[in-house]
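Everything below concerns the one structure shown next.
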Amino acid sequence: MSKITHVNRRSFIKVSAATGGGFVLGFSLLSACTSDPIKEPFYGEVSKPEQWNELNAFLKIGDNGVVTIFSPNPEIGQNIKTSMPMIIAEELDIDWKDVIVEQAPLDTEKYTRQVAGGSQSIRQGWTSLRTTGATARQMLLMAAADKWSVAVDELRTSDGKIYHDISNKEMHYGIVAGAAALLEVPENVTLKDPKDYTIIGKGIRNVDGKAIVTGAPVFGMDYHEEGMKYAMVEHAPSFGMSLQDFNQAELRQMPGILDAFPMTLPVEGLHRITEKAFKKNEAVVIVGNSTWSLLKAKKALTVNWSINTSPEDSNMHEATLSALLNEHDNTLRKDGEPERVFSQDLTVIEREYSAPFLPHNTMSPMNFFADVSEDKARLVGPIQLPELSAGLVADMFSIPKENVHVEMTRMGGGFGRRLYGNWLLEAAWISKHIQAPVKLIYSREDDMANGTYRPAYKVRYKAAFDNNKNVLAFHVKGAGIHGGPVFANRFPAGSIDNYLAQDESAASNISTGAWRAPKSNFIAGAEQSFIDELAEAMDLDPIDLRLQLFEKAATSPVGEENDYDANRYANVLKEVKQKSAWGSETPGIYRGVAAYYCHNSYVAQVVDITLENETPRVKKVWSAVDCGRVINPEGAKNQIEGGVIDGLSTALYGGLTFENGTPQQTNFDRYQVMRHLDAPEEIETFFINTSEEPTGLGEPGLPPVIGALANALYKATGKRYYDQPFMNSLLG
Amino acid sequence: MAKYSLHINGSLKEVDVAEDTPLLWVLRDHCSLYGTKYGCGIAQCGACTIHLDGVAMRACSIPVSQIGDQKITTIEGLSQDGTHKVQRAWIEHDVAQCGYCQSGQIMSAAALLEDNPSPNDAEIRSAMNGNICRCGTYTRIQAAIRSASNMK
């Protein structure tokens, strides 16, 4: 630990190598209140203090005892702006009603992993956030002991107050917060016993709830500064095209239009994540005074594009994926002798599954504000990987990294789309070019036609079983454009003696990337449909077959490296079996079950559907979830419900098709998503009561429901559903 | 360009815009009212829902020239302090995930309850079907509307 001598109370820095991966307890530099509506915190019933005392980068305490907690990670709808501060508040031992939460800006000195992705915020923040709160509490106790001239261990805290029971004294944190801020940061602090928790596990409402229901300007799309210009871009209609020329003179004459010019972003050498997502780097930029003048100019635009690489279409993708399944053999894992066992006299079933490209369709299309000059950049908006984008901006414009300032707004949805930041780079490039602050907005059509799509996938499953109802061999072979879908060490790896996992990938000029629960969002549905069909062929209840396999993986696992805990997996399945009264029959109701593990959490689901005029209606979905200790039960349920609806929507309707390189669905008139009338009538979610460390929930609720739905549809129609979106087969 | 006097949330606002400008962009770009959201621009998603003389409408598809004297209510004007019963019910049910679609959802719900104070489930789903929520908060929205219909 090092302590830097302070100049005054508001400008010193403390650094501590606290537990939890090099986590930094830094001093918050003059976090001034401003009149900007986005930065102004919502005080609600809390009174504003005269003076703030910063105890560390995550919290400051007002002289009236009110606490501001800075939420480090970007808020994308996963509710970490509520749940991460809850963890700090718990260990600080403060009454939640005295807490104000503010979004921290990107600051790699003070915070680690300011990322929204992989459902990891809570899991990776669990220890460091608790330590932050506990350390601040300890400093308050030390300051109080000094003030009252008593021993620290004679003091206790409760709900933001310090008590010295022996002398019957008490005071709120605000009284000693100033003195506490001057103390050296203690290296070792004691964390609470979970049985004493008053905030964690209790259910706290979204801290931005009131801002959202009153229409406060909390999203990037709402950001505004005096003198700011508006910009839109027109990318090539098809992937693999270059810009030749356009009616520049005509556009420049249009009312409200300030300029129109070609953009060629230097994408080569970008970080691989951005480069992969950035296959349409050429565009026409239009800058104007208002969004409507830009939308009209886009309609008036005529561009000549030249073709660089041959345009792809959906038939070509289908053929490519089939060829990959038939022609190659890229083995990821092999246990036992699968080829030999498959050649024996056993019953073998083999099935193939497919799913198309998917756009993310965040409710708010891509947007970002940028103000870039020769030596500094200011960027405001919705971004899942702010640090990566800030680094790219610094590199692209040769600006020192410390001069690139990123503020993270609430995101109007992300689902992986806002990891990539290509629109952020475009905004920065435009701002630099026009030498003015600018807000770049994608239209819905721009957003859907210029995505970083979920790859198109196929997978083939094959299993062999004997007359004693034992699965003896299992083969999974996947293919994707681009990137295959197979996780070699996930279930059923470890539960079957002879196992083979293979995966193939084909290149494409279409941008692809992470889409909520990458790979799992396809493979879970396929695998769980196959297991269902396998159970039927073996004359076993589908839950019983899974439990039989988990039993094997738990007691005598095959192979060294299996990514899951078979007992936790079995537990969620048993829980959903009991809660849904699996095995009971209701006339007209058709049920399916599935379970999947991803992003460190376990989810089992039962879906009940009916058929009305040959259209499936989801009556109810039960979810049993093991995500370790639940931080915020109501928020946790909301995440699972959202995953369920996204999964059902994707499985029934989702799909982006290409003709001549061009996406065929570019707005909600042609791209169907689940709406109120199709949504499940009821979703009931149960969490396993456990003291395991908390894990994420943004993604794990989505993948298995696709399998459970497919299995329920089979019960309803007598037909198996192999190809997403299922509505195509239902209608056809 | 043409000048219009618009009745927005109980006060008169003068704007000078092209006559085909959709109300959505008048509100957002010229009146600093950002609660009405852009989602699709073709009246398919409901994120821009506002009230025109109490009727839920999609602001992205109404040119400013057609508004005349009709009274515009946006999410900012639904209540003085965020205490309209639909807003309270949204908080009570902790509806929002990302929150982007919710002002449109709330405006559709408020119009529904004005028209039909005790809607049944089918009426709720049907009235709300034009409002997409990509985060999938539909069951919470429907529960919040049921709660709001029981509030004073």
Self-check item: Sulfur and carbon atoms: percent of accessible area, region B:85-149 [1.4 Å]
Solution: 42 percent
Exercise. Using a 10 Å cut-off on Cβ to Cβ distances, tally the other chain neighbours for every residue of A:680-688 and report the average as a whole number.
Key: 2
Self-check item: Cα-based equivalent ellipsoid, region B:2-77: semi-axes from gyration tensor eigenvalues, Å
Solution: 17, 14, 11
Quiz prompt | Net length gained if the chain between residue A:169 and residue A:467 were fully extended (0.36 nm per residue, minus Cα distance) | solution = 99.6 nm
Quiz item: For the protein assembly as shown, what is the charge dipole size about the Cα centre, in debye to the nearest 20, if Lys and Arg each add +1 at the Cβ and Asp and Glu each add -1 at the Cβ?
Solution: 760 debye
Quiz prompt | Ratio of Rg to Rh over chain A (Cα coordinates, Kirkwood Rh, two decimals) | solution = 1.00
Quiz prompt | Two-site FRET efficiency, residue B:11 against residue B:118, from Cβ-Cβ distance with R₀ of 45 Å, rounded to 0.05 | solution = 0.90
Quiz item: Tell me, what ³J(HN,Hα) does each residue in region A:354-362 have, in order and in whole Hz, if you take phi through Karplus 6.51 cos²θ - 1.76 cosθ + 1.60 with θ = phi - 60° and put x for Gly and Pro?
Solution: 9, 8, x, 4, 9, x, 7, 6, 4
Quiz item: Which of the listed residues, A:281, A:321, A:295, is farthest toward the dipole's positive end in region A:247-353, when Lys, Arg count +1 and Asp, Glu count -1 at the beta-carbon?
Solution: A:295
Quiz item: Ignoring ligands, DNA and RNA, what percent of the accessible area of chain A is carbon or sulfur (1.4 Å)?
Solution: 46 percent
Exercise. Per residue of A:290-296, count partner chain C-beta atoms within 10 Å of its C-beta, then hand back the mean as an integer.
Key: 6
Exercise. For region B:140-152, take each phi angle, set θ = phi - 60°, evaluate the Karplus expression 6.51 cos²θ - 1.76 cosθ + 1.60, and give the result in whole Hz per residue in order, putting x for glycine and proline.
Key: 5, 4, 5, 5, 5, 5, 4, 4, 4, 5, 9, 8, 6
Practice problem: For the B and A pair, go ahead and give the buried accessible area with a 1.4 Å probe, both sides summed, in Å² to 100. | Solution: 4800 Å²
Quiz prompt | Solvent-accessible heavy-atom area per residue, rounded to whole Å², over chain A at 1.4 Å | solution = 37 Å²
Quiz item: What nm distance separates the two modelled labels at residue A:584 and residue A:289, each placed 7 Å from Cα along Cα→Cβ?
Solution: 6.7 nm
Quiz item: Using the Cβ atoms and a cut-off under 14 Å, what net charge is assigned to the surroundings of residue A:530, where Lys and Arg are +1 and Asp and Glu are -1?
Solution: +1
Practice problem: With springs only between Cα atoms under 10 Å apart, run a GNM on chain B and tell me which of B:11, B:65, B:79 wobbles the most. | Solution: B:11
Quiz prompt | chain B: most fluctuating residue of B:83, B:73, B:137 per GNM, C-alpha cutoff 10 Å | solution = B:83
Self-check item: residue B:92 paired with residue A:300, simple spin-label distance in nm, labels 7 Å along Cα-to-beta-carbon
Solution: 5.2 nm
Practice problem: Just tell me which lysines come within less than 17 Å, Cα to Cα, of residue A:60; anything on the same chain fewer than 8 places away is out. | Solution: A:14, A:39, A:48, A:81, A:97, A:110, A:161
Quiz item: Of B:45, B:11, B:61, whose Cα points farthest to the positive end of the dipole of region B:2-77 (charges on the beta-carbon: +1 Lys, Arg; -1 Asp, Glu; origin at the Cα centre)?
Solution: B:45
Self-check item: Distance between region A:321-337 and region A:371-408 - C-alpha centres, whole angstrom
Solution: 43 Å
Self-check item: Residues of region B:2-77: accessible area per residue with a 1.4 Å probe, Å²
Solution: 38 Å²
Quiz item: Expressed as a fraction of 2.2 N^0.38 Å, the rule-of-thumb size for a compact globular protein of N residues, what is the C-alpha radius of gyration of region A:380-535?
Solution: 1.44
Quiz item: Which distance in Å, rounded to a whole number, links the C-alpha centroids of region A:685-703 and region B:113-145?
Solution: 28 Å
Self-check item: Rounded percent of accessible protein surface that carbon and sulfur make up, region B:2-77, 1.4 Å probe
Solution: 47 percent
Practice problem: Considering only DSSP beta bridges where both residues belong to chain A, give the percentage that are antiparallel (nearest 5). | Solution: 75 percent
Exercise. Tabulate in residue order the Karplus-calculated ³J(HN,Hα) for region A:626-641, using 6.51 cos²θ - 1.76 cosθ + 1.60 with θ = phi - 60°, rounded to whole Hz; enter x for Gly and Pro.
Key: 10, 10, x, 5, 8, 6, 9, x, 5, x, 5, 4, 4, 5, 5, 4
Quiz item: Cα to Cα, under 23 Å, and not fewer than 8 places away if on the same chain: which lysines meet these conditions relative to residue A:715?
Solution: A:462, A:469, A:574, A:577, A:579, A:619, A:620
Exercise. Just grab the label-to-label distance for residue B:20 and residue A:659, each label 7 Å out from Cα along the Cβ direction, in nm (one decimal).
Key: 2.6 nm
Practice problem: Report, in whole Å, the centroid distance computed from the Cα atoms of region A:104-161 and region A:416-458. | Solution: 37 Å
Quiz item: How high is the relative contact order of region A:239-318, in percent, with contacts defined as C-alpha pairs under 8 Å that are six or more residues apart?
Solution: 45 percent
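The values are calculated or read from the model by the stated rules, or taken from the named source; none is laboratory data. Model, not experiment: these values are computed from the prediction. We place every Cβ from the backbone using ideal geometry, glycine too, and count neighbours over all the protein chains shown. With ligands, DNA and RNA removed, areas are computed over all heavy atoms of the protein, side chains included. Shrake-Rupley method; radii C 1.70, N 1.55, O 1.52, S 1.80 Å.
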